[in-house]
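See below for the structure under consideration.
Computed from the coordinates by the stated procedures, all read-outs in this text should not be read as laboratory data. All values derive from a computational prediction rather than experimental measurement. For neighbour counting, all protein chains shown are included, and Cβ atoms are generated from backbone atoms with ideal geometry for every residue, glycine included.
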Amino acid sequence: MADPSTPSPIVLVHGAWGGSYGFRKVRPLLSKAGHEVFSPSLTGIGERSHLTSPQVNLTTHITDVVNTVLYEDLSDIVLLGFSYGGMVVSGALDHIGDRVKHLVYLDAFVPSDGESVTDRMAGQTDRTIQLAGEWLMEPRPRQLADPEEQAWSEARRSLQPIGTFNEAVSMTRPIDDWPFSRSYIKATADPDEPADSFFWQAANHAKDSSAWAYHEIPTHHLVPFSHPAEIAEILLALD
């Protein structure tokens, strides 16, 4: 049992084509407030892009996160999934849901059982993904206000194994039925995002539900790059 006086460990799960480096501005703010912070790198992308293969799928990434929590023996955690990371944290719940104190989706997918990213993107033609080969996907272009930050980010965005998008998530119960609390943080100023996007659908559900806390940050999708202080403020207020 965790000491209630000790700040909760925070586990940050990055999105597609990215890596744990995306949280480099967020981690110090949380650590300074006394939290242990973990940001596992998902296999085959980001810092672990050298391990990519056709076998890498959503289950691989779920296992990356589950093993971080189990091997570090973390409990009463704040678990955050950013973008595609929402699929990963959702799939992790059947394995570590009893160790979660608060679940946070940061401009992220909130799937139902049996849904994949490909399913959630169906019919949204502006979200078409380009293949770089039989099993790799090209990074989706994302804009940052700072040209230097843009160049820094683009140099690190990696190809993504398609199995991570095509594999459906397995969940034994809906997100809303878990006993922990949950939040959705929406980036509201992405100029290319349609009003009926999968992220807005999840955000509107959270906004209208008593089971969720809802927050907005007026920026583009890459929130950890542009507004780390706002993310940290929301997470620190959970304690």
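Taking the inverse of the average 1/r across all pairs of different Cα atoms in the chain, what Kirkwood radius in Å do you get?
17.8
Is segment 31-75 best put as rounded, prolate or oblate by its Cα gyration tensor, with a ≥ b ≥ c the root eigenvalues, rounded for a/c under 1.5, and otherwise prolate when a/b is larger than b/c, oblate when not?
Oblate is the answer for segment 31-75, as a/c is 1.5 or above yet b/c matches or exceeds a/b.
Please give the calculated 222 nm ellipticity per residue for the chain, where each DSSP H segment of at least 4 residues contributes -39500 (n - 2.57) and the sum is spread over every residue; nearest 500 deg cm²/dmol?
Taking each H run of at least 4 residues, the total per residue is -8000 deg cm²/dmol.
Taking 0.36 nm per intervening residue step and subtracting the Cα-Cα distance, what contour gain separates Q201 from E36 on full extension?
So the extension gain works out to 56.2 nm.
So, counting K/R as plus one and D/E as minus one, what does the shell of residues with Cβ under 12 Å around V56 add up to?
That sum, taken over residues with Cβ under 12 Å, equals -1.
Once the principal axes of the Cα atoms of segment 22-140 are found, what is the range along each, listed largest first in whole angstroms?
43, 31, 25
Given Cα pairs under 8 Å that are at least 6 residues apart, what percent is the relative contact order of segment 68-171?
With pairs under 8 Å counted, the relative contact order is 29 percent.
Please report, in debye to the nearest 20, how large the charge dipole of the chain is about its Cα centre when each Lys and Arg carries +1 at its beta carbon and each Asp and Glu carries -1 there.
With Lys and Arg at +1 and Asp and Glu at -1, about 300 debye.
At 0.36 nm per residue, minus the direct Cα-Cα distance, what do E138 and A189 gain on full extension? Give it in nm, one decimal, please.
16.0 nm
Any idea which of L235, S210, T43 is furthest toward the positive side of the dipole for the chain, if Lys and Arg beta-carbons carry +1 and Asp and Glu beta-carbons -1?
Of L235, S210, T43, it is T43.
Please name whichever of V223, V69, L29 sits farthest to the positive end of the charge dipole of segment 10-236, dipole taken about the Cα centre and charges placed at Cβ: Lys and Arg +1, Asp and Glu -1.
L29
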